[in-house]
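Any read-out appearing in this document is the output of simple, stated calculations on the displayed coordinates, not a laboratory observation. Model, not experiment: these values are computed from the prediction. Cβ sites come from the backbone with ideal geometry, for glycine too, and all protein chains shown count toward neighbours.
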Amino acid sequence: MSGSLAKEPPMIGFVAVTDSAWFRFLRERRSEEVNFWQPSGGRGFRAVPPGSPFFFKLKQPHHAIGGFGFFVHHSALPAWMAWETFGTGNGAPDAAAMYRNIERLRRSTAARPAGGAQPGSYDIGCIILTGCKFFDEHDWVRVPDDFARNIVQGKRYDLTAGEGARIWEQCRLLAAARRDDASQVADALHVATGARFGNETLVRPRLGQGSFRIAVLDAYGRACAVSTEHSLPVLESAHIRAFAEGGSHDVANGICLRSDIHRLFDAGYVTIDEHQRFVVSRKLKDEYDNGKVYYGWHGRTISRPCDRRLWPDQDALDWHRQNKFVA
């Protein structure tokens, strides 16, 4: 067996065919976290791993790269939830406009909500991006020479060689040259850089508020960790240590909770102990003479993600018990 180190895999990026109206809308707002939605929720997105650059290749007649972001998560979501989570980051001024854009591109009208159903009740694919940069037209980057005009979705590229390296370096230089973006591209990720842009390794993307919400819900299988409730409209992604109090938008600093349990958790009437068990304060009954349903769950081990790396962080739980919980 050779004693040499294993060769690092090449850094991969994705050049995605992008709707020009979506691009222009978000460029005007300089949106950092966006939802690059797909009209059908049936397809996953496995072209590149989280942290990979995702380039906006504009549709004809432009045939140019107008900017880029970093891929953080993919999920199939009801359109209403995508709007509720990302708002104008979906590339539309309001929910009705977003639904019209989606339905214009869906092959069948049969999946549209029937009379009386909630608008936007169908699923769409959500490619969630952060650290997005949108260039002015005079800065648009020439597409890779081998990017055929008939490509419908997009194409993967090795960003350490050839045309992939060219577009990546040009986009990085353009972003860094913007007066207010000198360090923000690297800030969007935990990045280790070498002497040139091509010699870097992406570690993991920093989640924004919207991507945190969806990543936590998906990690918990869209079920409350305490009650196992699956009704999506009442499920929320709770920060264990609040973002405003030093917490991060990291899945391990989050937990999927039903909305009422989330409010009790934030108010300190419930917590999670060091053994990942649900704990209810006696103050809940003392102050409100109620809470029977919650006391029935006292001592129950919470449901956790399949991936142990995403389990609630012990330091964050310690912080919550010490700073929020009212025993």
- request: Taking the chain as the reference, fit the longest principal axis to its C-alpha atoms, fit the long axis of helix 314-323 to the helix C-alpha atoms, and give the angle between the two in degrees, 0 to 90, nearest 10.
  value: 50
- request: Round to the nearest 10 and give me the degree value, 0 to 90, for the angle of helix 20-29's Cα axis relative to the longest principal axis of the chain.
  value: 60
- request: Would you mind checking the tilt of helix 95-105 against the longest principal axis of the Cα atoms of the chain, expressed as 0 to 90 degrees and rounded to 10?
  value: 50
task: Just check the range 209-323 against the gyration tensor rule for me: Cα atoms, a ≥ b ≥ c as the square roots of the eigenvalues, rounded for a/c under 1.5, and otherwise prolate or oblate depending on whether a/b exceeds b/c.
output: prolate
message: How far apart, in nanometres, would the label points at Asn150 and Arg263 be if each is projected 7 angstrom from Cα along the Cα-to-Cβ direction?
response: 5.8
query: What length, rounded to one decimal in nm, is gained on full extension from Asp315 through to His298, with 0.36 nm per residue of separation minus their alpha-carbon distance?
result: 4.0 nm
task: Determine the equivalent ellipsoid of the range 25-111 by diagonalising the alpha-carbon gyration tensor, then write out the semi-axes as square roots of 5 times the eigenvalues, largest first, rounded to whole Å.
output: 20, 16, 15
message: Please compute the modelled spin-label separation between His230 and Arg178, points set 7 Å along Cα→Cβ, answer in nm with one decimal.
response: 4.2
- request: Extending each Cα 7 Å along its Cβ direction at Asp19 and Glu103, get the distance between those two points in nm, one decimal.
  value: 1.4
